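The block underneath contains the structure these notes are about, expressed in structure tokens.
Read-outs throughout are calculated quantities, based only on the coordinates presented, and are distinct from any laboratory measurement. None of these values were measured; they are calculated from a predicted model. Neighbour counts run over all protein chains shown; Cβ positions are idealised from the backbone, glycine included.
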Amino acid sequence: MPHAFDFLKEDSKARRRSLLKRTLAGLTESRPRQPVLHYLFELGVSLKFVNGALEVIGAVFLFFSTSQSLNKLAAKLLTNELLEDPKDLVANMVLHAVKGLTANTRVFASVYLLVHGIVKVGLVIALWKRRLWAYPLAGVVLVLFTVYQLYLFSHSRSPFQLFLTAVDVLILLLLWSEYRRVAPRAASG
């Protein structure tokens, strides 16, 4: 049986619902919605920044290390893994690669990592600042690195190398999408 004041409850619910709708509408109006691809682009570029910074740090470390210190470090880091599984493919590959490093190979790897890292970090900073020239340049650099990675994959057949290449192709597509989104705004304003 209805009570005499039921109309107040319904009216109160309707007012709360209306207030909630207006509040939510105000929140969405105060922040323009960004497409999901934009957020994926930001994530990919941020990961490239971290990767580039780590490459620069690794290049400096590699350049100032000796072959003996690298061998000791690799042995120390991989001993437990190799005791647990002496046939561990990754641990054995790393240990073998470190033992085969010559001074010339270390210098080449250091220079490669340093240039690669500086280019990545510099382009990411320019992309964060929305410099239009950085989008096509980053695309060209990414294509060149991707071609080089495909070349490496053709010799190594490493699934990890293929994965890294696929990630770079995805970031290249996101870069193109972001450029198409940003360029008209920059031209008009």
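Observations on the model:
- Computed E for Ala126/His96 - FRET, C-beta separation, R0 25 angstrom, nearest 0.05: 0.05
- Per the Cα gyration tensor, region 37-184 maps to an equivalent ellipsoid with semi-axes of 33, 17, 14 Å, ordered largest to smallest.
- Sorting 74-83, 55-64 by average packing, meaning the other beta carbons within 10 Å per residue, from highest down gives 55-64, 74-83.
- Inter-label distance, His38 to Ala183: 1.8 nm, where each label sits 7 Å from its Cα along the C-beta direction.
- Computed from label points 7 Å out along Cα-Cβ, the spacing between Val167 and Asp85 is 2.0 nm.
- Rel. contact order, % - alpha carbon contacts under 8 angstrom, at least six apart, region 37-184: 35 percent
- Gain on full extension, evaluated as 0.36 nm per residue between Phe63 and Trp176 minus their Cα-Cα distance, stands at 37.2 nm.
- Cα lying deepest toward the dipole's positive end in region 37-184, options His96, Val56, Gly139, charges on Cβ: Gly139
- Hull volume per residue, based on the alpha-carbon atoms of region 71-121 and their convex hull, is 92 Å³.
- Modelled spin-label separation between Asn51 and Arg15, with each label point placed 7 Å from Cα along the Cα-to-Cβ direction: 5.7 nm.
- Set Lys76/Lys129; Lys99/Lys129; Lys48/Lys72 screened for pairs whose C-alpha atoms are more than 32 Å apart: Lys76/Lys129; Lys99/Lys129
- Cβ-based charge dipole, region 37-184, positive-most Cα from Ser156, Ser67, Gly122: Gly122
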